[in-house]
2 protein chains.
Amino acid sequence: MAGARRRGEELEDALLTAAWAELLEVGYPRLTMENVAARAGTSKPVIYRRWPTRPKLVIAALAHNLPLEEADIDTGSLRGDLIELVGRGIRRYRGVPGDTLPGLITETFRDPEVFAELRSRLRQGEVVELVRPTLTRAVARGELLTDQCGDRVLRLPFDLLRSETLVYGVMVDDPTITAIIDDIVLPVIHTHCGTPASRAQTDIRPAPERDSRG
Amino acid sequence: MAGARRRGEELEDALLTAAWAELLEVGYPRLTMENVAARAGTSKPVIYRRWPTRPKLVIAALAHNLPLEEADIDTGSLRGDLIELVGRGIRRYRGVPGDTLPGLITETFRDPEVFAELRSRLRQGEVVELVRPTLTRAVARGELLTDQCGDRVLRLPFDLLRSETLVYGVMVDDPTITAIIDDIVLPVIHTHCGTPASRAQTDIRPAPERDSRG
DNA sequence: AAGAGAAGATACGCTCCGTTTCTTAATTGC
DNA sequence: GCAATTAAGAAACGGAGCGTATCTTCTCTT
């Protein structure tokens, strides 16, 4: 109709925005290339000239709409830093339907390359590489004796987050984050990284645990 | 060809066995109703007369080929019990390709009823309801002060297991199980359920952690 | 002004789901 | 033992959706 024919970045933005909107509206399993094209006011070949498959389009849409957080956290305490860190990780995905990520993971299992890309993006999104610096700062504050601990300990907060979001398809709220940090993560960190005895009492609180799931 | 036409349970077994074999051989995303029928030496309508959708067929195949474990664990120590418990949970899925369960989860997100069924089956498979009795036995032995702790603590071993299997698509081996129990689960349990001081030194071992993933 | 390159529309082949139709064998009831 | 019912098995179909091919038309470059 309109002679105005978009090109380059403008068109690409429109496509990724359309894909994102489609993702939020109908969810991953029902997102079709046809509908994304229609929503962007164009047609399928335009999409396929940029992204060879559906998963890759969706990954691009995720990257386009979930900018990386910056790593500037220092709340003054280990506990505060962890809560903030995990909170950022989860807030990054607010608005993403519960089935989007599992859907992507599945679909991309067919294509190892795409899967690797998604996985690394998940890891980035979860800023797991920021946990170690957090521990290092805690050591500097005198909250911990060392920041030396295994990868599994560092991954722990985000692994638990995934159990809530990916497996159960539930969006995590703030009390849940606090519970995860207080009831699970901090005890493990203190076990591995040591705790000056006098602080142990106030930092660890094995309080009656809330559970946000049914 | 052969006039021998199967019926009832014999036919159903053949179908579920075929579905299972197909699952192991080509994985969930490439399992087709056509191929399952062909492998069972029959045709699609025979399947559809029993299971209305692909996910429901696969769930039936899982149920048919993954019998529930019996709950008879007592190795004499909390640590041993937990390792055995988690080991059984994971051994139950040995032979199940890494993409099967995420695939199912995705596909069944469309159908809440099927999803609920799968989820409850996962929970059964993970015998999470056996963790509390394990703690109770530990209290009886004098290893713990109490068995009172929140659901999230009870779920912890299996949530971590899922991070390895579902998210990363990796099969968990015995050293990994041991590491999960020693480095994460036991510290948390001891934090929440107390530890007689004299035993704390021998039970908790924040050893250099192994990591089975790349 | 001319040509390259990409946009956009349309249609196609393919796969696979779930259904329909029809024939034929097995089971049940008399 | 024989009809009547039920279900097996074969084949084909409609529909959705992916990814591709073809062709026209616009826009940008030179």
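To put it simply, the accessible area of the stretch B:8-65 at a 1.4 Å probe is 48 percent carbon and sulfur. A 1.4 Å probe run over the protein chains yields, for the stretch B:8-65, 47 Å² of accessible area per residue, whole-number rounding.
Rounded to the nearest 100 Å², what is the sum over both chains of accessible area buried where A meets B, with a probe of 1.4 Å?
Details: alone 11510 and 11550 Å², together 19210 Å².
That pair hides around 3800 Å² of surface in total.
Across identical copies of the chain, B:A38 has label-point separations of 3.3 nm, listed in ascending order, with the point defined 7 angstrom from Cα along Cα→Cβ.
Put simply, the amide H of B:L66, placed in the peptide plane, has no neighbours under 5 Å, leaving out anything fewer than 5 places away on its chain. In this simple spin-label model, placing a label point 7 Å from the Cα along the Cα-to-Cβ direction at both B:D72 and A:A140 gives a separation of 5.8 nm. To the nearest 10, the accessible area of A:T17 is 70 Å² with a 1.4 Å probe.
Let me check I have the definition right: for the stretch A:8-65, take the eigenvalues of the Cα gyration tensor, multiply each by 5, take square roots. What are those semi-axes in whole Å, largest first?
Values: eigenvalues 43, 28, 24 Å².
The three semi-axes for the stretch A:8-65 are 15, 12, 11 Å.
In the assembly of identical copies, B:L145 has its label point, taken 7 Å from Cα in the direction of the beta carbon, separated from the corresponding points by 2.1 nm (ascending, one decimal). Compared with the alpha-carbon gap, the fully stretched path from A:Q148 to A:A4 is longer by 46.0 nm at 0.36 nm per residue.
Sorted shortest first, the separations between the B:T17 label point and its copies elsewhere in the assembly read 5.8 nm; each point sits 7 Å from Cα along the Cα-to-Cβ line. Label positions at A:L11 and A:R50, each projected 7 Å from the Cα along the C-beta direction, are separated by 0.9 nm.
Can you list the trypsin sites (Lys or Arg not before Pro) in the stretch A:1-40 that are in a DSSP coil and have 12 or fewer other beta carbons within 10 angstrom? Listed in order of number, the matching sites are A:R5, A:R7.
The values are calculated or read from the model by the stated rules, or taken from the named source; none is laboratory data. Worth saying up front: this structure is predicted, and the values here are computed from it rather than measured. Cβ sites come from the backbone with ideal geometry, for glycine too, and all protein chains shown count toward neighbours. The accessibility values were calculated without ligands, DNA or RNA, using every heavy atom of the protein model including side chains. Shrake-Rupley method; radii C 1.70, N 1.55, O 1.52, S 1.80 Å.
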